[in-house]
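A short write-up of the structure that comes next.
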Amino acid sequence: MLMKFLTGLGFLLAWPALAWSASGYLYDCDMQDIERGRGWVSPKIAIIVTPDGVVTVVDALTLTFATAPVRANVLRDNDKRLIVKWSLQNVRADSGRSFANFDYRASITKRTGQVELTAGPRTFDAGLRGAGTCVRRTQ
């Protein structure tokens, strides 16, 4: 998993040349309390918004299970908050247990950059949580 994370980190560094223009941007998120996520919250998450409004997410888990950035759905994008959700399919825990769909939801407060993340199998009522800080980058 470390190799995929390092590969993902390299991908994050190369992504700006591929995705950004004058109106595209990236939220570079550092998650501070990943322990609460029990291995399902990456320490580093990038949420990329292209000029045409398409949102993709890349982190160690998307690179592990989807092997590429994953498209996200925008639930809200206003002056105060950006909320996106995405899913990973056919994931397997270290214990061997597998899940058809593992859903994520990130809520970024634009003024402060605070991010709250929830994650969990679609069939579970309660999810895992993580929190951190995002920096909006345009170059």
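Would you say residue 52 is under 17 Å from residue 137 (Cβ atoms), among the acidic types (Asp, Glu) and at pLDDT 80 or above? The answer is no for residue 52. Scan region 53-110 for residues that are small (Gly, Ala, Ser), within 22 Å of residue 24 (Cβ to Cβ) and without any contact (Cβ under 8 Å) to a residue 60 or more places away in the chain and report the count. Matching residues across region 53-110 total 5. Residues in region 101-126 that are surrounded by fewer than 16 Cβ atoms within 10 Å (Cβ to Cβ) and either in contact with a Gly (Cβ under 9 Å, 6 or more places away or on another chain) or in a loop (DSSP other than H, G, I, E, B) (or both): 110, 111, 112, 114, 116, 122, 123, 124, 125, 126.
Which residue is modelled with the highest pLDDT, if the candidates are limited to region 116-130 and must be in contact with a helix residue (DSSP H, G or I) (Cβ under 7 Å, 6 or more places away or on another chain) and small (Gly, Ala, Ser)? Break it down stepwise before answering.
Filtering region 116-130 for residues in contact with a helix residue (DSSP H, G or I) (Cβ under 7 Å, 6 or more places away or on another chain) gives 119, 128-130.
Filter again for small (Gly, Ala, Ser), leaving 119, 130.
Values: 119: 87, 130: 90.
Applying the filter and picking the extreme gives 130.
The values are calculated or read from the model by the stated rules, or taken from the named source; none is laboratory data. Everything quoted here is computed from the prediction, not taken from an experiment. Here Cβ is always computed from backbone atoms with ideal geometry, including for glycine, and neighbour counts include all displayed protein chains.
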